[in-house]
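Read the structure below first, then the notes.
The values are calculated or read from the model by the stated rules, or taken from the named source; none is laboratory data. In this text, all values refer to a predicted model and were calculated from it rather than measured experimentally. Cβ coordinates were reconstructed from backbone atoms using ideal geometry, including for glycine residues, and neighbour counts include every protein chain displayed.
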Amino acid sequence: MEDKNNIALSVRDLKTFFYTNNRCNKAVNGVSFDVEKGKTLCIVGESGCGKSVTAATIMQLLPTLSRIEEGEIKFQKDDKIINIEKLEKNGKEMREIRGSDIAMIFQDPMTALNPVYTVGFQISENLKYHTNLNKKEIREKCISLLNDMGIPLPEKRVDEYPHSYSGGMRQRAMIAMAMACNPKILIADEPTTALDVTIQAQIFELMDKLKKENDTAIILITHDMGVVAELADNVAVMYMGNIVEAGTADDVLRRPTHPYTKALLESVPVLGRGKNQDINPIKGSTPDPYNRPIGCQFAPRCNWQTESCDVMPEITQINETHQVRCHKYEQFFEKYK
Amino acid sequence: MKKEILKLRGVKVHFPVQAGVFNRVVGHVLAVDGVDLDIFRGEVLGLAGESGCGKTTLGKAILRLVEPTDGEVKYISLDDNETELTSLEKKEMDPFRKKLQIVFQDPHSSLNPSFTIFGSLQDPLKKFGIKSKEERRKIIGDLLEAVNMRREYMDRYPHEFSGGQRQRIGIVRALCLEPELIVCDEAVSALDVSIQAQVLKLLMQLKKEKNLTYLFITHDLSVTEYLCDRIAVMYLGRIVELCDSEDLYNNTLHPYSEALISAIPVADLDKQTKRIVLEGDVPSPVNPPKGCPFHPRCPKATDICKTEVPTLKKYSTNGNEHYASCHLIDLPEIS
């Protein structure tokens, strides 16, 4: 299979559960994936499918009511392999990794920046704790980061507060912050959902550049299949806490083998296909996480449901890169080949 | 023969900007700055643009949910009576409110959580003279069934519904007075993709059944292409391009529309195009640039763009009317 040295982060059978009101929400229920250096992995799914929780788990940023139940997150730092799930949440080692080796861009740039500190201060915090640069060097680095992000007049902008930045600029400042210590892995949790398409295009261009120049592995979390088609090298489709289908972008978008992936692709109108394209909604809505279907989580909304779907299907490897979690994938694949 | 339902002429909405101790007016946000638009009966007109371009304000100005500062909004009834809506008194506006309805963007904040669905939805029916409760329950029940929900749901509270269901309740609210035109203000933007498709299909089906006209406001051009007959693209309070939806994609005239279309991620590996990346952000509508409002970001801008404001001119593509406001279009203008 893959060259082991190429893998920046490897997640195996990860389970993260939330405990509220004596009930347990199995938000992430057995997720496995690898992130390669210099590649983008897109995790795609609807709201509530556990994609953001997966990201928060890797960063150890989970709220107190939740915990990592099982599984392992292996992060390759230089030549050592670190098991992130074993580290203490706020321990020294985790804090060393967080922000410098693994960085994160959050969904909403309006709330992720602290309004009472200057943007420059917030970027330099990262550099202060993770590097040996002195004050002057830190400031220069901040300015050059903002400059790289395409923010005009960075010498002036570095001393401004977030409120004088526009939405797109704030998101770019967030990326500057995340990229400050040249992380090996960048986790972007819906980085452009709150932005307009023209600004989104700017941000994508930037992320592409970073990936090429610094060989950063990117985990991009999104709900938009369009974004996946444009940016992804590898795709993982999540539904209700499980990865239902994973593979290269080619595998998943051209030859979807899980009924949910297919349904997702068919439910959005695609630009350029005109008025006569057919869109097919998925029937029903996502189940209540406290009252899940017993077997395959997608079964109640699936047109291919049979009795065998009362048991959770295992992951099947179709070829080297492509895997799927469905009982009927062979018939399904035959039909749409 | 196409018949207009609404005629907008020079509609402007300016919001005052106040500052200082005495709330002195120091400027105006030119949210909508001179829009001419005809909406025909039975069509779906898309209104697209980035956030802050004034598309929602225009939609609300049509219904007088915000008062237009200037300009005319004419409603043309089925028997060709024209009424100017902006000059009407509040009371006189009532019969037209029945004909013009709106579906709001956020299904979570547009329903009052302390009323049942029936409690919220019966008010307009009461106001427009449906006296008996049984009749009101029947109307709302029938409409709930029309949007694939159960009749009993009307006695539930909004928190018991999912986002997609609430949006359908919002549609029922708009439908219950049998309107002629519905303004859909980002009606599907807050929904998950699988739910979005359900609501889109429902809107199209209702349009056929009830002979509706939609003004569909959205920032998502792939949705407009699927849904709309004509599309108007707005930028900084003005319409920059207005044409048949197919022509907007195949014969784009305005550089802004071109950039907007190229920036949309397409969920099809065979249709990947080169993104045209625009520099910078949308300028502030308080102090729009001189000349063409798009020129600071336009990759094709020339000297004339910096000084002269282009007007919306009529061209023809594919034999269809095609309006665009740009100095750099090579096609012959049609009078």
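For the criterion of being over 16 Å from the mean Cα position of the chain (by Cα) and within 14 Å of chain A (Cβ to nearest Cβ), B:Leu144 fails. Here is the figure for the range A:266-278: residues that are surrounded by fewer than 21 Cβ atoms within 10 Å (Cβ to Cβ) and within 7 Å of chain B (Cβ to nearest Cβ) total 4.
Output the residues belonging to the range A:142-197 that are surrounded by fewer than 17 Cβ atoms within 10 Å (Cβ to Cβ) and without any contact (Cβ under 8 Å) to a residue 40 or more places away in the chain. Within the range A:142-197, A:Ser144, A:Asn147, A:Pro152, A:Leu153, A:Glu155, A:Lys156, A:Ser164, A:Ser166, A:Asn182 qualify. The helices (runs of 4 or more DSSP H) falling completely within the range A:28-141 that include 1 or more residues that are free of Cβ contacts under 8 Å to residues at least 60 places away in the same chain and within 14 Å of the chain's Cα centre (by Cα) map to A:51-59.
Scanning the range A:154-197 for residues that are polar (S, T, N, Q) and closer than 26 Å to A:His130 by Cα returns A:Gln171, A:Asn182.
A single entry from B:Lys127, B:Lys138, B:Lys210, B:Lys133 fulfils the requirement of being of a type in the set (Lys, Arg) and within 16 Å of B:Val44 (Cα to Cα): B:Lys210. For the range B:249-269, a residue qualifies if it is touching a residue at least 24 places away in the same chain (Cβ under 8 Å) and either surrounded by fewer than 23 Cβ atoms within 10 Å (Cβ to Cβ) or over 21 Å from B:Pro285 (Cβ atoms) (or both), and the qualifying residues are B:Tyr249, B:Asn250, B:Asn251, B:Leu253, B:Ala259, B:Ile261, B:Ile264, B:Val266. B:Glu333 satisfies every condition listed in (1) under 24 Å from the mean Cα position of the chain (by Cα); (2) surrounded by fewer than 18 Cβ atoms within 10 Å (Cβ to Cβ) except (1). The helices (runs of 4 or more DSSP H) located wholly in the range B:55-153 that include 2 or more residues which are β-branched (Val, Ile, Thr), in contact (Cβ under 8 Å) with a residue 40 or more places away in the chain and under 29 Å from B:Leu200 (Cβ atoms) occupy B:55-62. Residues considered: B:Pro289, B:Pro265. Of these, the only one that is modelled with pLDDT of 85 or more, within 14 Å of chain A (Cβ to nearest Cβ) and either on the phi < 0 side of the Ramachandran plot or under 25 Å from the mean Cα position of the chain (by Cα) (or both) is B:Pro265. From the list B:Asp244, B:Asp192, which one is in contact with a helix residue (DSSP H, G or I) (Cβ under 9 Å, 6 or more places away or on another chain) and either in contact (Cβ under 8 Å) with a residue 24 or more places away in the chain or not hydrophobic (A, V, I, L, M, F, W, C) (or both)? So the residue among B:Asp244, B:Asp192 that is in contact with a helix residue (DSSP H, G or I) (Cβ under 9 Å, 6 or more places away or on another chain) and either in contact (Cβ under 8 Å) with a residue 24 or more places away in the chain or not hydrophobic (A, V, I, L, M, F, W, C) (or both) is B:Asp192. Scanning the range A:209-232 for residues that are more than 12 Å from every other protein chain (Cβ to nearest Cβ) and of a type in the set (D, E, K, R) yields A:Lys211, A:Lys212, A:Glu213, A:Asp215. For the range B:201-226, the set of residues classified as buried (at least 23 other Cβ atoms within 10 Å of the Cβ), at the interface with another protein chain (Cβ under 8 Å from one of its Cβ atoms) and not hydroxyl-bearing (Ser, Thr, Tyr) consists of B:Leu221, B:Val223, B:Glu225, listed by residue number. The set of residues from the range B:294-330 being within 25 Å of the chain's Cα centre (by Cα) and among the hydroxyl-bearing types (Ser, Thr, Tyr) comprises B:Thr311, B:Tyr315, B:Ser316, B:Thr317, B:Tyr323, B:Ser325.
Check off (1) modelled with pLDDT of 90 or more; (2) within 13 Å of chain B (Cβ to nearest Cβ) for A:Gln297 and give me the number that stays unchecked. All conditions are met except number (2). Here the condition is being within 15 Å of A:Lys15 (Cα to Cα) and surrounded by 14 or more Cβ atoms within 10 Å (Cβ to Cβ); of A:Leu87, A:Leu133, A:Leu127, A:Leu62, it holds for A:Leu62 alone.
I'd like to know if the range B:23-32 contains one or more residues that are more than 14 Å from chain A (Cβ to nearest Cβ), in a strand (DSSP E or B), under 14 Å from the mean Cα position of the chain (by Cα) and not small (Gly, Ala, Ser). Yes, some residue in the range B:23-32 is more than 14 Å from chain A (Cβ to nearest Cβ), in a strand (DSSP E or B), under 14 Å from the mean Cα position of the chain (by Cα) and not small (Gly, Ala, Ser).
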